[in-house]
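What follows is one structure encoded as structure tokens, with my remarks underneath.
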Amino acid sequence: MALTSAHPATPLLVCRLLALALTLALAAVASSARKIPDPITPISQDLYHSSDSILREIKALVARNSDRLTMDTVRASNKGYSAEMFVVTFNHAKGTVDDGSKIKIMLSFGQHGRELITSEVALSLLYILTEKRRIAGVDLSSFEKILENLVIKVVPMENFNGRKLVEAGELCDRRNGRGVDLNRNWSVDWGKKEKDYNPFEEDPGTAPFSEPEAQIMQELSKSFKPHIWVNVHSGMEALFMPYDHKNTTPDGAPSQLMRSLLENLNRRHFQDSCLVGSGGGAVGYLAHGTTTDYLFDVAKVPMPFTFEIYGDEKASTDDCFKMFNPVDKTTFDRVINKWCMAFLILFEEGLRILPGSQVASQGALDNWVPIGGEVLERIADQKSGSENRQLEGLDLGMQELKTYFRLFMLSTFLLMFMFCSRISKNRNRESDEQSIA
């Protein structure tokens, strides 16, 4: 009798041990499946200038090229908060700044502090305009005639205070020195918040133009009256026109001219690889109180654009420096060259397409012959894309294997539970029969 009663306990003990082992295995799988936090990429001191070193280089550049460059320091303050902005003006012939035959272009970089790459493009572009640095082997001498017909204002770091915060370690901060998103502080549709509104990212301020930086830029739009304004950002690659606050572009001929210019630039330089259209329609979310929408609707700038010049879509959302800025020299140089060239083509397209221009573009950029830079870049991009697809396929395969393994473990656990329950019922039935006997 003792042996008979001991046997049913043995499989129950085995079941319990197996259930415990399976539970521990499932816990181990779940633990291994949790994402290991990605490392945070610091600012590369070998690639990027500090904000102070950018200013020093620009000041030296202006001093060496005083025949065509000037630099103004503009200050503003509001309720105890002050901002300082440096505005560089390029004019091939200084005495004719107000000449009506010239196309006036405004370029603003660094509106968001974390987007350091934009200010690097600004610095390189100023070198190209004055000291003729080469771009991927391209001879810039044929561009001289086009430059004679332009007045270009460059703001290398619109958000100088915010940039200082990023350099101090706040790598994800895009706001100004008192926590306001400067690209939400303009008056068109100001203050409206979408369902996914993030106050850390998109604080519009206490009122339109509450921020000194926005006040300075607004005044520039009034005093300079540019034909073309480009607000330069990073986060993706795109060529945007109004509107940001609604999923549509403006009506009429001005909108058609803007789209035509962007499509020509995209075709000629980017091989149609950039997103083109309204910011609100193409980027995937609506933005209210932006610079571009104000410039078009209120300041009546004929062609206000937003250029997005770089983005690492695979970077962790916590790894902001890597998400918004290239971190290796090859990519860094490629982005600088690509977008400096894009601005030069933009200048020519502006001369070609703007109505009322008294300057007939000679198509100088069409005659530029790259000596390998652009071709090598495209080959590198294609190779990178192929390698990325292979890695993505490997990642997907591993994810599927993990999913199948979890399902297998779960089904095994359920089967063991059913088996143990059946044994338990049989034991209870035998115990009842023995009690009756």
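The values are calculated or read from the model by the stated rules, or taken from the named source; none is laboratory data. Values in this document were obtained by computation on a predicted structure and should not be read as measured data. All Cβ positions, glycine included, derive from the backbone under ideal geometry; neighbour counts span all protein chains shown. Calculation scope for accessible area: heavy atoms of the full protein, side chains included, ligands and nucleic acids excluded. Shrake-Rupley method; radii C 1.70, N 1.55, O 1.52, S 1.80 Å.
Quantify, in whole percent, the carbon and sulfur part of the accessible surface of region 110-162 (1.4 Å probe; protein heavy atoms only).
About 46 percent, which is the carbon plus sulfur part of the accessible surface.
Where the eigenvalues come from the Cα gyration tensor of region 188-266, what are the semi-axes √(5λ) of the equivalent ellipsoid, largest first, in whole Å?
25, 19, 13
Show me, for region 236-250, the HN-Hα J-couplings you get by feeding each phi into the Karplus relation (A = 6.51, B = -1.76, C = 1.60, θ = phi - 60°), rounded to Hz, glycine and proline as x.
Running phi through 6.51 cos²θ - 1.76 cosθ + 1.60 with θ = phi - 60° gives 6, 10, 7, 10, 10, 10, x, 10, 9, 8, 8, 8, 6, 9, x Hz.
Binning at 5 angstrom from zero up to the longest distance, how are the C-alpha pair distances of region 225-266 distributed in percent?
Percent of pairs per bin, in order: 5, 18, 26, 33, 15, 4.
Residue 219 to residue 330: extension gain in nm, 0.36 nm per residue of separation minus the Cα-Cα distance?
Length gained between residue 219 and residue 330: 36.1 nm.
Using θ = phi - 60° and the Karplus relation 6.51 cos²θ - 1.76 cosθ + 1.60, list the HN-Hα couplings for region 260-276 in order, rounded to whole Hz, with x at every Gly or Pro.
Working through the residues one at a time gives 4, 4, 5, 5, 5, 4, 4, 6, 5, 10, 9, 6, 6, 8, 8, 5, 10 Hz.
If you count only protein heavy atoms and use a 1.4 Å probe, how large is the accessible surface of residue 274, to the nearest 10 Å²?
10 Å²
Taking H placed 1.01 Å from N in the peptide plane, check which residues at least 5 places from residue 76 or on another chain put their amide H under 5 Å from its amide H.
Amide H neighbours of residue 76, under 5 Å, 5+ apart: 83.
For residue 157, what accessible area in Å² do you get when you roll a 1.4 Å probe over the heavy atoms of the protein chains, rounding to the nearest 10?
Residue 157 exposes around 10 Å² with every protein chain in place.
Out of residues 5 or more away from residue 230 or on other chains, whose amide H comes under 5 Å of its own, with H placed 1.01 Å from N in the peptide plane?
106, 107, 108, 305
What is the P(r) of region 41-152, as percent of Cα-Cα pairs per 10 Å bin from 0?
12, 39, 35, 13, 2, 0
First compute the accessible area of region 220-303 with a 1.4 Å probe, then give the percent of it belonging to carbon and sulfur atoms.
48 percent
I'd like the Karplus ³J(HN,Hα) series for region 80-85: coefficients 6.51, -1.76, 1.60, θ = phi - 60°, whole numbers in Hz, and an x wherever there's a Gly or Pro.
Computed from phi, the couplings for region 80-85 are x, 10, 10, 9, 10, 9 Hz.
Bin by bin, in steps of 5 Å, what percent of the Cα pairs in region 227-300 do you find, going until the bin that has the longest distance?
Each 5 Å bin holds this share of Cα pairs: 3, 16, 27, 30, 17, 6, 1.
Assuming R0 = 30 Å, can you tell me the calculated FRET efficiency for the pair residue 134 and residue 66, based on Cβ-Cβ distance, to the nearest 0.05?
Here the calculated transfer efficiency is 0.80.
Excluding residue 231 itself, calculate the net charge of residues whose Cβ lies under 14 Å from the Cβ of residue 231, where each Lys or Arg counts +1 and each Asp or Glu counts -1.
-4
Please give me the summed charge of the neighbours of residue 165: other residues whose Cβ is under 11 Å from its Cβ, Lys and Arg +1, Asp and Glu -1.
In short, +3.
Provide the FRET efficiency to the nearest 0.05 for the residue 77-residue 201 pair, computing r from the beta carbons and using R0 = 35 Å.
E between residue 77 and residue 201, to the nearest 0.05, is 0.90.
With the other protein chains left in place, how much accessible area per residue, in square angstrom, belongs to region 158-221 at a 1.4 angstrom probe?
41 Å²
Obtain the nm distance between the two label points defined at residue 57 and residue 40 by a simple spin-label model: each point lies 7 Å from its Cα along the Cα-to-C-beta direction.
2.6 nm
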